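Worksheet: the structure to be examined is printed underneath.
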Number of protein chains: 2
Amino acid sequence: MTTDAIAAMVADARAAFGDRIVTTDADRIAPWLTDWRGRYHGISAALFEPADAAEVAGVVALAGRHGVALVPQGGNTSMVGGATPPADGSAVLLSLRRLNRIRQVSDGQAVAEAGVILQHLHEAAAAAGQRFPLTLGARGSATIGGLVSTNAGGTQVLRWGNMRRLVLGIEAVLPDGTVHGGLAALPKDNRGYDLTQLLVGAEGTLGIVTAATLRLVPAIAERAVAWAGIADPQAGLDLLRRMQAATDRIESFEIIPADTLALAVAHLPGARAPLSGQYPWQLLIEAVAAPGELPPAPLLEELLADGVEAGLVADAVLASSEAQAEAFWTLRDSLSAAEKSTGPAVQHDISVPVDTMPRFMVEAAAAAEARFPRTHATAFGHLGDGNVHFHVRAPVGADPARWYAEDAPVITRFVHDAVTAAGGSISAEHGIGQMKRGELERLGPPARLAALRGIKSGLDPLNLFNPGKLVSLAPRSANP
Amino acid sequence: MTTDAIAAMVADARAAFGDRIVTTDADRIAPWLTDWRGRYHGISAALFEPADAAEVAGVVALAGRHGVALVPQGGNTSMVGGATPPADGSAVLLSLRRLNRIRQVSDGQAVAEAGVILQHLHEAAAAAGQRFPLTLGARGSATIGGLVSTNAGGTQVLRWGNMRRLVLGIEAVLPDGTVHGGLAALPKDNRGYDLTQLLVGAEGTLGIVTAATLRLVPAIAERAVAWAGIADPQAGLDLLRRMQAATDRIESFEIIPADTLALAVAHLPGARAPLSGQYPWQLLIEAVAAPGELPPAPLLEELLADGVEAGLVADAVLASSEAQAEAFWTLRDSLSAAEKSTGPAVQHDISVPVDTMPRFMVEAAAAAEARFPRTHATAFGHLGDGNVHFHVRAPVGADPARWYAEDAPVITRFVHDAVTAAGGSISAEHGIGQMKRGELERLGPPARLAALRGIKSGLDPLNLFNPGKLVSLAPRSANP
């Protein structure tokens, strides 16, 4: 039945648009059927590649007519299988990569289509003397549509917020095939429910984002990067609070335990620890200056000296050159890879209320190690956001395949239970996708789950937009 | 049928809670059946007054069981009939006024229940050395639940945003009777749709807000208030842009046409125009300093001098005392009353894209006066928000009753057409309620209207939460 429906939809699309926007060529479809980490595999008999919002609306209308589900996909960089089609072949891929125009860069905002690669937006903003202040490792392939639809975060959330705070307006195709033209960012508009914020983080289950109006901020003229040694995470949070009370120019504040840092130093050729002394926890701090602002280095130096005086900082060093600043960041960015090089590890993208994060980092790690003997638990991350990267490494000598299949899921449930008990979230940045849907159903507050289902069924009653991701509805009763 | 259902619901409530939370005493109910301006009148056979979220949930569960619709009400200060029950007696009033505790005031945030009066929150924040930066004329009676549910604005939106930006978390009872406990404001939480922002501005049609976590900002240690004369609104916007590029401490920036100002000066006993010269447009500008910041007066003086030099400002004066600053604001706050004292006038709460506001103010006023001879159209308001107060005064000698009944609605449709053509919103601050529902249906983009209906029907399939406000569903098919 599904096969027939897809074939009919493809035929209609060819009749309407020619061969240009749809392919059934298995070789061309294949790269998009597996997520980038190779964990999820799906089947799609067709790949739709419209070039503008009107063509997206056309594809959505055809999908509705034939009862075929659509899986929107941008850069295919989901961490939770959010852009991989279902394995039963019941859906088709809808790529937004051809919607790749930056429609406008003006003072303080940009309008970018869904398929624009993040790095291209960075470059366009920079060319206009401005900055789009959200960045992450996948910036060379992640696209605006995906970043909007997953409410992406990154390393600069501390000052500028996640995608939710940077999206001023959205253009999207809704499940009924209409185009929601919400790009004009009216500062005051009280005509009912906030569709913009509803679509941010909806993982393509409520609308296909085709373009977004995004906030730009002043370019960075200069940055200062420091490394500091502290006794415990609470000292780090106290230091951050002091710094934030004194300035709004702190852009990053990362906390790293000494043993994980040691792994990274050992893993990276030619790397060395920024501080010679031994400190159980270390901080990477970046302050910036926009053009015309006072240079950030003296400011950061003064703030660190104040931290030393307050008994919060044991030692600190300011990067003396841009190359050294880069070296500091390279260490930070190597933590996950360094950990993985030592053997199997399971990672968790979680968050807890900011004030409780210092205690959680210490206590949850100890609890995990006690509960799962010979594992090694590490918590690091964005201290100001309550965002913990919580990694648990397998016992030395564990068989990877068996450990991933049998032990890792138990550990993950243990960590998610701890997060939930702490009033936190089992997804800080990466979303739910297909990876965490079961855990969300297990742990999500019933009121929230019911609300998610209500919204989904109200806007997408046929469950045609990214089915099986984020929230599950009862299976569709019938194919047409 | 409805009468029986309400009687059964009241009996169940008495059985469950005693007489404490429900009354059918017509004298006690009467004050809440009419909106504060006396424009909308409703009927409600019962008034429910629960004292906490659990009791609200209990009332909602009873409403669901008996199929009785609920009209939530706080301070009853809606400008659009949003809190007045329907005239057919099919709904009952749910007052949130007894949920009046401020649960917490901590550094940077407060948790206030729905029935907390805005001014009480101002006082509690001030007592803690902080400030809740949203204020408006009705602050002595408007409540937090209503302010959240209408995404209220006010005079300080320029710097701090409307309610949507100040709400960090929400506790609400959903139509299925579950309590959404979303007060803990996690900076990073990607567990699906943003229920907090969905409930902000939903006018009680999706959930009964019982408490909110709200952002607090530094207290004002000192303020500087200036009055400036300019040639046209574009000069005002250019001046604002220059000031905003130089500082983030401008809190208010109001534009007023000379003839409306003259009305206010004449209307207010003892008032005088701040500037002696004649300038077609005038500005009220306020800059502030938090404790420890440099005083705002020299800053504002310098910014105004820069504006004079740039040819944007013709003349300007800084209030020399707090009393004079108050006098400036009193003039601004008297504009509407002064206008009304001259005869019938119809007012519109609209917004347009900020960049187009200067042109819109001039052109739409001219167009309205051309289309409706002998009327007088005035546009003033919050220049930085694109929020125009667009008033049209009746011809001198017009019969008020006839003019309000026959001419005013035609004028309103004309104004709304102009706003829509300009890409603006027919509701900037006040919401839709029952007053603008027909206009929203007439002018709302079909995609938006369909989305509003989809969300509403998905979350409140029985249409029991504030029916007839904001968005209309098909009438309920049957009573139980």
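The values are calculated or read from the model by the stated rules, or taken from the named source; none is laboratory data. Predicted, not measured: the structure shown is a model, and the values here were computed from it. Quick reminder, even Gly has a Cβ in these numbers, built from the backbone with ideal geometry, and neighbours come from all protein chains shown.
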Problem - Options A:Gly177, A:Gly204, A:Gly169: the member that is under 20 Å from A:Gly74 (Cα atoms) and under 18 Å from the mean Cα position of the chain (by Cα) - result: A:Gly204
Problem - First in segment A:108-122 and within 8 Å of A:Ala142 (Cα to Cα), second anywhere and surrounded by 23 or more Cβ atoms within 10 Å (Cβ to Cβ) and among the hydroxyl-bearing types (Ser, Thr, Tyr), Cβ under 8 Å, 6 or more apart - result: A:Ile117/A:Thr143; A:Leu118/A:Thr143
Completion exercise
Counting only residues that are touching a strand residue (DSSP E or B) at 6+ places or on another chain (Cβ under 8 Å), more than 21 Å from A:Glu251 (Cβ to Cβ) and of a type in the set (Ser, Thr, Tyr), segment A:135-168 contains a total of 3
Completion exercise
In segment A:416-436, residues that are under 21 Å from A:Gln197 (Cα atoms) and of a type outside the set (Gly, Ala, Ser) total 4
Practice task
Look through segment B:185-234, keep the residues that are assigned to a loop (DSSP other than H, G, I, E, B) and among the charged types (D, E, K, R), and return whichever of them is farthest from the other protein chains (Cβ to nearest Cβ).
Solution key: B:Asp232
Problem - Test: residue in segment A:64-78 that is out of contact with any strand residue (DSSP E or B) (no Cβ under 7 Å at 6 or more places or on another chain), surrounded by 15 or more Cβ atoms within 10 Å (Cβ to Cβ) and in a helix (DSSP H, G or I) - result: yes
Exercise for the section: Mind listing just one residue for me: the one in segment A:101-115 that is in contact with a strand residue (DSSP E or B) (Cβ under 6 Å, 6 or more places away or on another chain) and part of a loop (DSSP other than H, G, I, E, B) and, of those, surrounded by the most Cβ atoms within 10 Å (Cβ to Cβ)? Expected result: A:Ala114
Handout entry: Criterion: outside the structural domain of A:Val157 (by TED's automatic domain parsing), in contact with a Lys or Arg (Cβ under 8 Å, 6 or more places away or on another chain), aliphatic (A, V, I, L, M) and at negative phi - qualifying residue of A:Leu283, A:Leu299, A:Leu294
Key = A:Leu299
Exercise for the section: Write out, first by first residue and then by second, each pair whose Cβ atoms fall under 7 Å of each other, whose residues are 6+ apart or on separate chains, and whose first residue, in segment A:390-401, is hydrophobic (A, V, I, L, M, F, W, C) while the second is part of a strand (DSSP E or B) and surrounded by 12 or more Cβ atoms within 10 Å (Cβ to Cβ). Expected result: A:Phe390/A:His348; A:Phe390/A:Ile350; A:Phe390/A:Ala379; A:Val392/A:Ala345; A:Val392/A:Val346; A:Val392/A:Ala377; A:Ala394/A:Ala345
Handout entry: Hits in segment B:347-401 - residues which are within 14 Å of another protein chain (Cβ to nearest Cβ), in contact with a strand residue (DSSP E or B) (Cβ under 6 Å, 6 or more places away or on another chain), assigned to a helix (DSSP H, G or I) and among the hydrophobic types (A, V, I, L, M, F, W, C)
Key = B:Leu383
Fill in the blank from the handout: Exactly one of A:Ala271, A:Ala319, A:Ala266 is at pLDDT 95 or above and either in the same structural domain as A:Ala245 (by TED's automatic domain parsing) or surrounded by 18 or more Cβ atoms within 10 Å (Cβ to Cβ) (or both), and that residue is A:Ala319
Problem - So B:Val313, is it surrounded by fewer than 22 Cβ atoms within 10 Å (Cβ to Cβ) and of a type outside the set (Phe, Trp, Tyr) - result: no
Problem - A:Gly18 farther than 14 Å from A:Ser90 by Cα, over 25 Å from the mean Cα position of the chain (by Cα) and at pLDDT below 95 - result: yes
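Here is a check on your reading of the model: is A:Ser334 buried (at least 18 other Cβ atoms within 10 Å of the Cβ), closer than 19 Å to A:Thr155 by Cβ and out of contact with any strand residue (DSSP E or B) (no Cβ under 9 Å at 6 or more places or on another chain)? Reasoning before the result, please.
On the way: buried (at least 18 other Cβ atoms within 10 Å of the Cβ): yes; closer than 19 Å to A:Thr155 by Cβ: yes; out of contact with any strand residue (DSSP E or B) (no Cβ under 9 Å at 6 or more places or on another chain): yes.
It is true that A:Ser334 is buried (at least 18 other Cβ atoms within 10 Å of the Cβ), closer than 19 Å to A:Thr155 by Cβ and out of contact with any strand residue (DSSP E or B) (no Cβ under 9 Å at 6 or more places or on another chain).
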Completion exercise
The number of residues in segment B:302-321 that are in a helix (DSSP H, G or I), over 11 Å from B:Trp227 (Cα atoms) and touching a residue at least 40 places away in the same chain (Cβ under 8 Å) is 3
Practice task
Could you pull out the residue among B:Arg402, B:Arg442 that is within 27 Å of B:Leu147 (Cα to Cα), of a type outside the set (A, V, I, L, M, F, W, C) and modelled with pLDDT of 95 or more?
Solution key: B:Arg442
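Yes or no, residue by residue, for (1) assigned by TED's automatic domain parsing to the domain that holds B:Val354; (2) farther than 23 Å from A:Asp176 by Cα; (3) in a helix (DSSP H, G or I); (4) of a type in the set (Asp, Glu):
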| position | (1), (2), (3), (4) |
| --- | --- |
| B:Trp403 | yes, yes, yes, no |
| B:Ala408 | yes, yes, yes, no |
| B:Val415 | yes, yes, yes, no |
| B:Ser427 | no, yes, no, no |
| B:Ile432 | no, yes, no, no |
| B:Ala447 | no, no, yes, no |
| B:Gly458 | no, no, yes, no |
Exercise for the section: Take B:Gly82 and decide whether it is surrounded by 15 or more Cβ atoms within 10 Å (Cβ to Cβ) and in a helix (DSSP H, G or I). Expected result: no
Practice task
Kindly indicate whether A:Ser336 is among the polar types (S, T, N, Q) and either within 14 Å of chain B (Cβ to nearest Cβ) or in a helix (DSSP H, G or I) (or both).
Solution key: yes
Practice task
Sort out for me the helices (runs of 4 or more DSSP H) sitting completely within segment A:142-184 that have 3 or more residues that are under 19 Å from A:Glu203 (Cβ atoms) and either at the interface with another protein chain (Cβ under 10 Å from one of its Cβ atoms) or touching a residue at least 24 places away in the same chain (Cβ under 8 Å) (or both).
Solution key: A:144-149, A:163-166
Exercise for the section: Please go through segment B:346-389 and pick out each residue that is within 15 Å of B:Pro233 (Cβ to Cβ), of a type in the set (Gly, Ala, Ser) and free of Cβ contacts under 8 Å to residues at least 60 places away in the same chain. Expected result: B:Ala364, B:Ala365, B:Ala366, B:Ala377, B:Gly386
Practice task
Please state which one of B:Lys436, B:Lys456 is touching a residue at least 24 places away in the same chain (Cβ under 8 Å), over 20 Å from the mean Cα position of the chain (by Cα) and at the interface with chain A (Cβ under 10 Å from one of its Cβ atoms).
Solution key: B:Lys456
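The rows are residues; the columns are (1) crowded, with 24+ Cβ neighbours inside 10 Å; (2) touching a helix residue (DSSP H, G or I) at 6+ places or on another chain (Cβ under 7 Å); (3) of a type in the set (D, E, K, R).
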residue	(1), (2), (3)
B:Ile208	yes, yes, no
B:Leu214	yes, yes, no
B:Arg223	no, yes, yes
B:Ala228	yes, yes, no
B:Asp238	no, no, yes
B:Ile250	no, yes, no
Problem - Qualifying residue in segment B:32-43 (condition: touching a residue at least 12 places away in the same chain (Cβ under 8 Å) and buried (at least 24 other Cβ atoms within 10 Å of the Cβ)) - result: no
Handout entry: Residue in segment B:419-469 that is farthest from B:Gly153 (Cα to Cα), counting only those that are crowded, with 19+ Cβ neighbours inside 10 Å and among the hydroxyl-bearing types (Ser, Thr, Tyr)
Key = B:Ser457
